[in-house]
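Colleague: For reference, the structure I am asking about is given below.
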């Protein structure tokens with residue numbers, strides 16, 4: 001190994017010495033009386049959060065939506081759990097595995113705002129929603145409503161039930177910048193017929209970051225006897241809400257996104273009176289159709305990931321849901337406000353604070369989204385993801401708590417240069 005690379009590696013492994021969970025908590029205690037909005041703008045304070053992460057210096061990462069990787073205190077906890085499970089082996093798996101998962105599920109239910117007997121820990125949103133979509137008692141001619149902007153894996157799952165059962169897919173298109181809630185609600189309402197069984201709706205559209213009025217959509221649908229399946233992959237531990245207040249029938253999320261658990265952790269909420277309606281994906285020993293754990297059998301799986309959910313909740317609660325949401329919304333507004341009205345730049349995400357938080361999507365007229373993502377990385381060392389479908393053409397921008405305004409200034413200048421030079 002060359003000396004320069006060796007030194008670089010040393011720097012990468014020593015950057016950002018973490019405060020640890022105790023020190024981290026004390027840092028927030030010192031700011032307990034600070035106004036949430038003022039704290040959201042305090043770059044010196046959030047630099048302490050940045051110090052919790054080991055970050056690659058090759059690029060600025062503005063694609064945290066796929067996987068919000070772990071800060072060092074959580075990574076250390078995760079490694080400890082791996083070591084402990086490996087030490088105990090079959091003893092752990094046969095004695096306390098299920099009790100631990102039950103306790104963690106109960107704690108997760110408090111954060112989610114639902115009853116523990118309505119929640120299971122899964123591996124991701126896709127598994128959760130596929131279980132619900134595939135587990136319905138479909139009949140030929142049943143209709144399901146969804147949007148072109150919904151996550152592709154969910155639309156693919158509906159294609160399977162279309163082919164298997166003769167279900168009819170009815171598609172709507174959600175405008176990038178809606179006039180009001182009623183415009184969105186009417187899209188779904190106008191698609192309902194007496195054959196409609198379910199509506200799939202995204203709490204936060206993954207390609208644009210737009211937040212949809214879930215509670216109002218659920219109220220409308222239930223008045224017409226239609227169930228609502230909510231894809232909350234990007235909303236959980238990102239914006240503040242309680243599932244019980246949404247009045248939806250099913251809700252799924254990936255915990256490795258905004259809760260920052262290790263990869264392979266998700267959750268599924270099923271309203272208690274709906275549990276018996278869903279067929280399990282895999283057979284289980286539980287025979288009571290009213291118990292949600294009969295839907296939770298996946299065989300042997302990485303239980304150390306489940307254990308780390310508890311630590312991730314600790315970390316989330318130290319930060320505070322309100323403070324986290326405020327910081328994430330501040331970061332998005334910081335850059336979108338500076339480019340939203342510039343020539344050739346198109347922001348595909350509403351400016352209204354009630355309709356977006358951390359995630360936004362931006363495009364440049366005359367530049368293909370794929371080319372824009374490549375040029376941002378190659379010419380400006382900014383990593384994003386290109387989106388080019390369902391009326392959303394641009395790059396999805398997902399900052400995280402460790403993102404600085406200095407990095408966003410660099411990104412803003414990159415957009416200006418690209419829009420000026422073509």
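Colleague: Would you pick out the residues in the range 397-422 that are in a loop (DSSP other than H, G, I, E, B), surrounded by fewer than 18 Cβ atoms within 10 Å (Cβ to Cβ) and at pLDDT 95 or above?
Modeller: 404
Colleague: Another one. Counting residues that are surrounded by 24 or more Cβ atoms within 10 Å (Cβ to Cβ) and assigned by TED's automatic domain parsing to the domain that holds residue 126, which strands (runs of 3 or more DSSP E) fully inside the range 154-270 reach at least 1?
Modeller: 196-202, 227-231, 250-254, 266-270
Colleague: Here is a list of conditions, (1) assigned to a helix (DSSP H, G or I); (2) out of contact with any strand residue (DSSP E or B) (no Cβ under 7 Å at 6 or more places or on another chain); (3) in contact (Cβ under 8 Å) with a residue 40 or more places away in the chain, and residue 108 meets all of them except one; can you say which number that is?
Modeller: Looking at each condition in turn, residue 108 falls short on (2).
Colleague: Might you check whether a residue that is under 25 Å from the mean Cα position of the chain (by Cα), more than 28 Å from residue 369 (Cβ to Cβ) and either not in a loop (DSSP other than H, G, I, E, B) or not assigned by TED's automatic domain parsing to the domain that holds residue 268 (or both) occurs anywhere in the range 137-151?
Modeller: yes
Colleague: Among the residues in the range 26-37, are any under 19 Å from residue 316 (Cβ atoms), touching a helix residue (DSSP H, G or I) at 6+ places or on another chain (Cβ under 9 Å), assigned to a helix (DSSP H, G or I) and at pLDDT below 75?
Modeller: no
Colleague: For the range 57-67, name all the residues that are surrounded by 15 or more Cβ atoms within 10 Å (Cβ to Cβ) and more than 21 Å from the chain's Cα centre (by Cα).
Modeller: 59
Colleague: Within the range 381-422, how many residues turn out to be free of Cβ contacts under 8 Å to residues at least 24 places away in the same chain and closer than 30 Å to residue 148 by Cβ?
Modeller: 2
Colleague: A follow-up question, please. Quick one: count up the residues across the range 136-153 that are loosely packed, with under 13 Cβ neighbours inside 10 Å and closer than 16 Å to residue 227 by Cβ.
Modeller: Final tally of qualifying residues: 2.
Colleague: Separate question: Just one of (1) in contact (Cβ under 8 Å) with a residue 12 or more places away in the chain; (2) in contact with a helix residue (DSSP H, G or I) (Cβ under 9 Å, 6 or more places away or on another chain); (3) under 27 Å from residue 350 (Cβ atoms) trips up residue 191, so point out which.
Modeller: (2)
Colleague: Next up: Tell me whether the range 356-363 contains one or more residues that are assigned by TED's automatic domain parsing to the domain that holds residue 45, at pLDDT 95 or above and farther than 24 Å from residue 67 by Cα.
Modeller: Checked against the condition, which is being assigned by TED's automatic domain parsing to the domain that holds residue 45, at pLDDT 95 or above and farther than 24 Å from residue 67 by Cα, the range 356-363 yields no hits at all.
Colleague: Quick check on this structure: which one of 87, 70, 74, 54 is assigned to a helix (DSSP H, G or I) and surrounded by 12 or more Cβ atoms within 10 Å (Cβ to Cβ)?
Modeller: Exactly one residue qualifies, and that residue is 74.
The values are calculated or read from the model by the stated rules, or taken from the named source; none is laboratory data. It should be emphasised that the depicted structure is a prediction, and the values quoted were computed from it without experimental measurement. Positions of Cβ are backbone-derived with ideal geometry, glycine not excepted, and every protein chain shown enters the neighbour counts.
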